[in-house]
Amino acid sequence: MTDERRGYAYGLTAYVIWGFFPIYFKLLRPSAPLEILAHRVIWSVLFVGLVLVGMRNWRFLDRLVRDRRRLAGVALAAVFIGLNWATYIYGVNSSRVVETALGYFITPLVVVLLGVTVQRERLRGWQWAAVGVGALAVAVLTVDYGRLPYIALALAATFGSYSLIKKRLSLPPAEGLFVESAVLALPALAYLGWLSSTGHATFGHVSAAHTALTVLSGVATAVPLLLFAASANRVPLVGMGMMQYVAPILQLACGVLIYHEPMPAARLAGFGLVWVALVIFTVDGIRRARASSRLAASHPEAAAAAATSPA
């Protein structure tokens, strides 16, 4: 197996795991979303800590602590990923799996908007068309739901913001996840302590299977992230862009086929518009990547200049 094919295998495995997360988190009921989140944080810290012990890579902590600006960025990233996890768990366990899938479908469009508003990047015409169709889709879905699809929008906004910060920090995946989880660990421990003291904790009081699944939430969080990182180092950017839709497709299938959430015609039309926007966005990205490859092959200096251009 070539290195690139191995990368695709790692990437697809990561996205398939993420795609079946609704099933996993529903198994953690009757725990409340915040209790699930707190355990996810704590067990993630412990598992990734063991991974780092095996890698013998702790020097990054000393460098990070000395860089206060970077440390503040990690803390902000931790807040966004914590909000993302909490929103996702709440959405899944309040029978809104379809809406959580929508959130990850529209995330690429939100990332583009963040690039315009925060990074001051300029969009190409087809990118503006994709964003416009995506906005129309949100309007259609708002009419269908009778409200803004706030779970989907919150997931897209928090993960998009998290991605933007992570891009600036450039931390390796295991080290980044460890520090982000560690930032959230203290409030998570305090919350779990409060639950135990008031007699509202479910951990250890439901079943052995429930307890084991709660503990394994740290593994379930870290493993796909590590697989994703291994894939990103081996697969072209276009390939990664295509694979990112595997997870929300599987999540949508879980919501409709397994949990029988409603999909009326208006909602299906809204999703259809989202998919049209993603097709436009993806095709434009593929064309851009191919043009860059041809330019790099014939004029390396011009390709380097184009790569740094915000357009």
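Between A129 and T13, the distance separating the two model label sites (each 7 Å from Cα on the Cα→Cβ line) works out to 3.9 nm. Between I258 and V223, the simple spin-label model (points 7 angstrom out along Cα→Cβ) gives 1.5 nm.
Work out how much length L268 to M1 would gain on full extension: take 0.36 nm times their residue separation and subtract the Cα-Cα distance, in nm to one decimal.
Values: separation 267, 0.36 × 267 = 96.12 nm, distance 3.95 nm.
Full-extension gain reported as 92.2 nm.
In this calculation the C-beta distance from T211 to V143 is compared with R0 = 45 Å, giving a FRET efficiency of 0.55.
If each residue of separation counts as 0.36 nm, what is the full-extension length gain between A72 and K167 once their alpha-carbon separation is subtracted?
Details: separation 95, 0.36 × 95 = 34.20 nm, distance 1.45 nm.
Going from the current span to full extension adds 32.8 nm.
Applying 1/(1 + (r/R0)^6) with R0 = 45 Å to the Cβ-Cβ distance of A291 and A190, what FRET efficiency is obtained, to the nearest 0.05? Intermediate results must be reported in sequence, preceding the final value.
Values: r = 52 Å, r/R0 = 1.17.
E(calc), rounded to 0.05, equals 0.30.
Direction-averaged projected area, Cα convex hull, the chain: 18.4 nm², rounded to one decimal. Considering the chain as a Gaussian network with a 10 Å cut-off on Cα pairs, which listed residue, G160, G11, G204, attains the greatest mean-square fluctuation? Most flexible of the set in this elastic network: G204.
Packing-wise, with mean Cβ within 10 Å as the measure, how do 12-19, 206-213 rank, highest first?
Working: 12-19: 19.5, 206-213: 12.8.
Listed from highest to lowest mean packing, they are 12-19, 206-213.
Any idea what the relative contact order of the chain is, in percent, if you count C-alpha pairs under 8 Å spaced at least 6 apart? Let's see the in-between values first.
Details: 363 pairs, mean separation 123.4, N = 311.
Relative contact order, the chain: 40 percent.
If we count trypsin sites (Lys or Arg not before Pro) as exposed when they sit in a DSSP loop and have at most 14 other beta carbons within 10 Å, what is the longest stretch of the chain that avoids them all? Longest run free of exposed loop sites: 148-311.
Quick check: residue separation of V65 and L136 times 0.36 nm, minus the Cα distance between them. What number comes out in nm? Intermediate values should be presented prior to the final figure.
Values: separation 71, 0.36 × 71 = 25.56 nm, distance 4.46 nm.
The span from V65 to L136 would gain 21.1 nm if fully extended.
Before anything else, pin down the relative contact order of region 2-126: Cα pairs under 8 Å, at least 6 apart, normalised by residue count, whole percent. Contact order relative to length: 30 percent.
Mind giving me the FRET efficiency for S197 and S94? R0 is 30 Å, r the Cβ-Cβ distance, nearest 0.05 is fine. Walk me through the intermediate numbers first.
Values: r = 26 Å, r/R0 = 0.88.
After rounding, the FRET efficiency stands at 0.70.
Secondary-structure-derived ellipticity at 222 nm for the chain, considering helices only, amounts to -26500 deg cm²/dmol, per-run term -39500 (n - 2.57) for DSSP H runs with n ≥ 4.
All of the numbers you see were taken from the coordinates with simple rules; none came from a lab. None of these values were measured; they are calculated from a predicted model. Quick reminder, even Gly has a Cβ in these numbers, built from the backbone with ideal geometry, and neighbours come from all protein chains shown.
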